[in-house]
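Remarks on the structure that follows.
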Amino acid sequence: MSQTTQVPRPRTDSKGAAPEARRRPASPQWAAWAFLAPVTLYLVLFYAYPLYRNLDLSLRHYTVRSFVRGDAPFTGLTNYRTVFDDPTFAPALLHTVVFTGVCLVFQYSIGLALAVFFNQHFRLSATLRALFLVPWLLPL
C-alpha cells in the first residue's frame with residue numbers, strides 16, 4: 001500500500017495584497033422573511049385595512065355628502081347605541097340566530113347523509129362519486 005503526501009506550495013503573490021474577504025453564508029432567516037412577506041402583505045391589505053375602515057365607518061356619522069367629502073364627524077358609540085335601542089333589533093337578532101342554527105343543522109345533516117351514502121359500495125358507486133365531483137371540476 002502506498003501513500004502520497006502533497007506539500008503545500010509557497011505563496012507567490014506580493015505581501016502588500018489584501019487578504020480575500022470571507023463571504024458570510026446567507027442566513028436562512030432571509031428565506032423565511034421572503035416567504036412571510038407576501039402573506040403578511042396580503043393579510044394587511046385584505047383583512048387589517050378593511051377591519052380598520054369598518055371600525056372607522058361605524059364610529060362616524062356618515063351622510064352621502066360627508067362620505068364624498070371625507071369629513072364625517074366622529075360620533076363615538078352613538079351609532080351602536082342607536083342600533084341597540086331600536087325596537088326591531090332584538091327580533092331581528094333572534095330571527096338571524098334561529099335562521100343560522102336551522103341552516104347549519106340542515107346543511108350538516110344533508111352532508112352527513114350524502115357522505116354515508118357515497119361511502120357504501122354498490123353497483124355504479126364510483127360513477128356516482130365521479131358525477132358528484134363534476135361541479136368542482138368544471139367551474140362556471
Exercise. With the condition kept exactly as written, say whether any residue in region 94-105 is in the same structural domain as Phe132 (by TED's automatic domain parsing) and aromatic (Phe, Trp, Tyr).
Key: yes
Exercise. Looking only at region 80-89, count how many residues are part of a helix (DSSP H, G or I) and either at pLDDT below 95 or among the charged types (D, E, K, R) (or both).
Key: 2
Exercise. Return a yes/no flag: does region 90-105 have any residue that is part of a helix (DSSP H, G or I), in contact with a helix residue (DSSP H, G or I) (Cβ under 7 Å, 6 or more places away or on another chain) and at pLDDT 95 or above.
Key: no
Quiz item: Inside region 42-84, can you point out the residues that are farther than 30 Å from Leu94 by Cα and hydroxyl-bearing (Ser, Thr, Tyr)?
Solution: Tyr42, Tyr49, Ser66
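The values are calculated or read from the model by the stated rules, or taken from the named source; none is laboratory data. Given the structure is predicted, the values throughout are model-derived calculations rather than measurements. Because the Cβ atoms are built from the backbone with ideal geometry, glycine has one as well, and the counts that use them run over all protein chains shown.
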